[in-house]
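Below: the structure, in structure tokens.
The values are calculated or read from the model by the stated rules, or taken from the named source; none is laboratory data. These figures come from a predicted structure and were not determined experimentally. Every residue, glycine among them, receives a Cβ derived from its backbone with ideal geometry; neighbour counts consider all protein chains shown. Areas reflect the complete protein model, heavy atoms only, side chains present, ligands, DNA and RNA absent. Shrake-Rupley method; radii C 1.70, N 1.55, O 1.52, S 1.80 Å.
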Amino acid sequence: MIGALQGTIFHKGLDHIILMTGGVGYRVAVPLPLLTKLQQSEELSVWIYNHIREDVFDLYGFASLPELKLFELIIGVSGIGPKTALLIMSKGVSEIEQAISRADVSFFTGIPRLGTKNAQKIIIELKNKIGGRDLDLTTATQDQQEVSKRCKHWDLKKEKLWISLVHLKADLQSKTKFEKCSNYWENHNYEHDT
């Protein structure tokens, strides 16, 4: 397995570079912001993710270890492959983390090949993995804060509350605040925690 590469940029493509290291050219897909900064013949060091399957051996490169770690978390979400994850990474680490904290589904659905359900899965599955942060209602919409207050009287677990807030933001914006909360739970057959 390749953990990192250091070498000279031999070629720059639309979504990748050829990094010449020790006389061998490695094809490395990189996020768009990094790609746009790079010049042919420039020296470069990148952290590498190896995507190996029966008929595939792709390398994905990142300028920093935190970028690589976030990429690995994203591809750990069911339904998200490395090509889609690379498109997500082009948005920037802090922007991605903020979008997850805010449950901003539209941030992710603006990325090609990423629908609402997968955007919601990214938010739900990664919210506790990005620095151990919990649901931040200070940046939630007014509707989300109201729904949170209404749902708390049912003593709902945080995970179920988070799921409801994500779904409410994406799917139920036309209903009244209390109807949003009660209809969501009725339609999804969740039991109230005791």
- Task: Identify the GluC sites (Glu not before Pro) of segment 20-63 meeting these criteria: DSSP loop state and at most 16 other C-beta atoms within 10 Å of the C-beta.
- Result: Glu42, Glu54
- Message: Order Asp15, Asp104 by their accessible area, 1.4 angstrom probe, all chains in place, largest first.
- Response: Asp15, Asp104
- Contour minus Cα-Cα distance for Ile2 and Leu87 (0.36 nm per residue): 28.4 nm
- Simple label model, 7 Å out from Cα along Cβ direction - Ser78 to His11, nm: 3.9 nm
- Between rounded, prolate and oblate, where does segment 1-133 land on the alpha carbon gyration tensor, with a ≥ b ≥ c its root eigenvalues, rounded for a/c under 1.5, else prolate if a/b exceeds b/c? prolate
- Checked against a 20 Å limit on the C-alpha separation, the offending pairs among Lys91/Lys129; Lys37/Lys127; Lys37/Lys129; Lys69/Lys117; Lys91/Lys121 are Lys37/Lys127; Lys37/Lys129; Lys69/Lys117
